[in-house]
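Trainee: Take this structure, written in structure tokens, and hold onto it; I'll ask about it next.
The values are calculated or read from the model by the stated rules, or taken from the named source; none is laboratory data. Here the structure is a predicted model, which means the values were calculated and not measured. Positions of Cβ are generated from backbone atoms using ideal geometry, with glycine treated the same way; all protein chains shown enter the neighbour counts.
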Protein chains: 2
Amino acid sequence: MGDPGVTSTDRQATARRTDDDSARERVLRAADRLFYDRGVQAVGMDELRAASGISLKRIYRLFASKEAIVEEVLRHRHELWEAGISAAVSAAAEPRERLLAVYDFLARWFDDDGFRGCFFINSFGELSGTAPRVTELVRAHKAGFQETVARLVAEAGGPPELAPQLAILAEGAQTTAAIAGTSEAAGQARAAAETLIDVALRPARNRAA
Amino acid sequence: MGDPGVTSTDRQATARRTDDDSARERVLRAADRLFYDRGVQAVGMDELRAASGISLKRIYRLFASKEAIVEEVLRHRHELWEAGISAAVSAAAEPRERLLAVYDFLARWFDDDGFRGCFFINSFGELSGTAPRVTELVRAHKAGFQETVARLVAEAGGPPELAPQLAILAEGAQTTAAIAGTSEAAGQARAAAETLIDVALRPARNRAA
DNA sequence: TTGCGCGGAGAACGTTCGTTCTCTATGGTA
DNA sequence: TACCATAGAGAACGAACGTTCTCCGCGCAA
């Protein structure tokens, strides 16, 4: 090529790097689906190899261990979640609607085919007793959501106590929808959130007992 | 003894039955603690044998399989839960306080040493992908709780929509407390429940936007 | 064309799992 | 005392796990 500094071995290294990137992505995509659908421990590495089309040798050159793959999947899901929430919130202009957009986002998610609850909650139940790093990632993910809600509440001029209440509604909707196998919990949580928001944003005289 | 109809083999059978009962109980108690603390799949049958003091041979005469033990533990936890909720609710007289007693019950539970979330939610996350009977038991347990709340709401004269909202708050508090490792979610859920109850029981003019 | 290094497929390894079986001892019954 | 059913301890089993290794073939440099 035109660049005299780029040697043949450089070009090889670059090609390998992009190959590795796409292989990583294929492994992570397959792991995400398998782990989410059936649980981490129920999926063997050989099944992950078959689903991803990447040989075991290569998988273990790309990742240190199965647990490292689990952690990477959690990180990826975290980014997807943050992006999804952010997009849903951005679509609304009024502060109150921006808060409620969280529950509309949940409703669309619950209606997905193959929805099986929150992967973080599921992983916590399965692995928190034996995998401290997983526990840490789950905790960080949920703490991040609490912060997001707290920021939205502050922007709406609501009191700080409102934020954890709205977050708890979202968490409860996720487990309720997953276990019941229906999506109605999203609307129920949304209705409760409306009430809580309206009461919190109303003058104090209406809040007293 | 005095009863001429009681033969020697009858007496043997009776003795065996009570021995079996206490052995079953020991296995179930050990299984409950181990499965809850570390997850079902992380605990081997040999560890259950060591913790219960019952030989593997006897365990497998008392239970058909490891999964049968898991199901029995879930059934036992379900009874404990119903009894606990029932006792907490009974301690209050006013309909509103009876509803809020649910969250006080949660608060005491969250403060227990070794609290690690709801065993049903955890088991769902770990096993629902592979064990349909477990999924069924978890679903039945949560449906029972929804019914309990619905009954309390009806007794308080609240509208039917209030019940799932309060149930979702309880579910969310459980996962939030488990993952965060703190018990404050119980109080936050209780505060939200107070607001929702008060609004629902107040004349309609205050509920409109 | 001849080496050479990296690739993939999948066999193999050592563990560990859930479950069953063997062996020995023991306690009650005739 | 002799017998028999049952108990417990734990070895053994086949399967499956996560991880590593062996083998073979392809593609590039000279």
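Trainee: Could you list all residues from segment B:37-55 that are of a type in the set (A, V, I, L, M), in contact (Cβ under 8 Å) with a residue 24 or more places away in the chain and near DNA strand C (Cβ under 8 Å from one of its atoms)?
Mentor: B:VAL40
Trainee: Quick check: anything in segment B:38-47 within 14 Å of chain A (Cβ to nearest Cβ), assigned to a helix (DSSP H, G or I) and more than 16 Å from DNA strand D (Cβ to nearest atom)?
Mentor: yes
Trainee: Sticking with this structure for a sec: Could you identify the single residue in A:ARG108, A:ARG75, A:ARG98, A:ARG58 that is more than 14 Å from every other protein chain (Cβ to nearest Cβ) and within 16 Å of DNA strand C (Cβ to nearest atom)?
Mentor: Numbers: A:ARG108 fails: within 16 Å of DNA strand C (Cβ to nearest atom); A:ARG75 fails: within 16 Å of DNA strand C (Cβ to nearest atom); A:ARG98 fails: within 16 Å of DNA strand C (Cβ to nearest atom).
Result: A:ARG58 is the single residue among A:ARG108, A:ARG75, A:ARG98, A:ARG58 that is more than 14 Å from every other protein chain (Cβ to nearest Cβ) and within 16 Å of DNA strand C (Cβ to nearest atom).
Trainee: May I ask you to verify whether A:GLU79 is modelled with pLDDT of 95 or more and not hydrophobic (A, V, I, L, M, F, W, C)?
Mentor: Working: modelled with pLDDT of 95 or more: yes; not hydrophobic (A, V, I, L, M, F, W, C): yes.
It is true that A:GLU79 is modelled with pLDDT of 95 or more and not hydrophobic (A, V, I, L, M, F, W, C).
Trainee: Only one of B:GLU72, B:GLU82, B:GLU94 is more than 18 Å from B:ALA42 (Cβ to Cβ) and touching a Ser or Thr at 6+ places or on another chain (Cβ under 9 Å). Can you tell me which? Spell out the reasoning first.
Mentor: On the way: B:GLU72 fails: touching a Ser or Thr at 6+ places or on another chain (Cβ under 9 Å); B:GLU94 fails: touching a Ser or Thr at 6+ places or on another chain (Cβ under 9 Å).
Matching residue, one of B:GLU72, B:GLU82, B:GLU94: B:GLU82.
Trainee: Being over 20 Å from B:GLU97 (Cβ atoms) and surrounded by fewer than 24 Cβ atoms within 10 Å (Cβ to Cβ) is the filter here; which residues of segment B:149-177 pass it? Give the derivation first.
Mentor: First pass over segment B:149-177, keeping only residues over 20 Å from B:GLU97 (Cβ atoms): B:160-161, B:164, B:168, B:171-172, B:174-177.
Of everything in segment B:149-177, those that are over 20 Å from B:GLU97 (Cβ atoms) and surrounded by fewer than 24 Cβ atoms within 10 Å (Cβ to Cβ) turn out to be B:PRO160, B:GLU161.
Trainee: Tell me yes or no: at least one residue of segment B:173-184 is farther than 14 Å from A:GLU194 by Cβ, modelled with pLDDT under 95 and more than 10 Å from chain A (Cβ to nearest Cβ).
Mentor: In the first step, residues of segment B:173-184 are kept if they are farther than 14 Å from A:GLU194 by Cβ; the result is B:173-184.
Filter again for modelled with pLDDT under 95, leaving none.
No; the residues of segment B:173-184 include none that is farther than 14 Å from A:GLU194 by Cβ, modelled with pLDDT under 95 and more than 10 Å from chain A (Cβ to nearest Cβ).
Trainee: Further question: Have a look at B:THR9, B:THR18 and point out the one that is part of a helix (DSSP H, G or I), at pLDDT 50 or above and of a type in the set (Val, Ile, Thr).
Mentor: The unique qualifying residue is B:THR18.
Trainee: Moving on. Taking the criterion of being out of contact with any Gly (no Cβ under 9 Å at 6 or more places or on another chain), within 16 Å of DNA strand D (Cβ to nearest atom) and part of a loop (DSSP other than H, G, I, E, B), would at least one residue in segment B:87-108 satisfy it?
Mentor: No, segment B:87-108 contains no residue that is out of contact with any Gly (no Cβ under 9 Å at 6 or more places or on another chain), within 16 Å of DNA strand D (Cβ to nearest atom) and part of a loop (DSSP other than H, G, I, E, B).
Trainee: Same structure, new question: I'm trying to understand the selection: among the residues of segment A:185-206, which are more than 7 Å from chain B (Cβ to nearest Cβ) and more than 15 Å from A:ALA101 (Cα to Cα)?
Mentor: Within segment A:185-206, A:ALA200, A:LEU201, A:ARG202, A:PRO203, A:ALA204, A:ARG205 meet the criteria.
Trainee: Then there is this: Being touching a helix residue (DSSP H, G or I) at 6+ places or on another chain (Cβ under 7 Å), within 8 Å of chain B (Cβ to nearest Cβ) and on the phi > 0 side of the Ramachandran plot, is that true of even one residue in segment A:122-140?
Mentor: No, that holds for no residue.
Trainee: Do we find a residue being small (Gly, Ala, Ser), in a helix (DSSP H, G or I), within 13 Å of DNA strand D (Cβ to nearest atom) and more than 26 Å from A:ARG151 (Cβ to Cβ) anywhere in segment A:59-72? Spell out the reasoning first.
Mentor: Applying the first criterion (small (Gly, Ala, Ser)) to segment A:59-72 yields A:64-65, A:68.
Next, only the ones that are in a helix (DSSP H, G or I) stay: A:68.
Narrowing further to those that are within 13 Å of DNA strand D (Cβ to nearest atom): A:68.
Okay, now just the ones that are also more than 26 Å from A:ARG151 (Cβ to Cβ), so A:68.
Yes, segment A:59-72 contains a residue that is small (Gly, Ala, Ser), in a helix (DSSP H, G or I), within 13 Å of DNA strand D (Cβ to nearest atom) and more than 26 Å from A:ARG151 (Cβ to Cβ).
Trainee: Is it the case that A:LEU201 is within 25 Å of A:ALA91 (Cβ to Cβ) and modelled with pLDDT under 95?
Mentor: It is true that A:LEU201 is within 25 Å of A:ALA91 (Cβ to Cβ) and modelled with pLDDT under 95.
For every residue, the table says whether it meets (1) within 21 Å of B:ALA189 (Cβ to Cβ); (2) surrounded by 14 or more Cβ atoms within 10 Å (Cβ to Cβ).
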position	(1), (2)
B:GLY39	no, yes
B:LEU62	no, yes
B:LEU80	yes, no
B:ALA92	yes, yes
B:ALA107	yes, yes
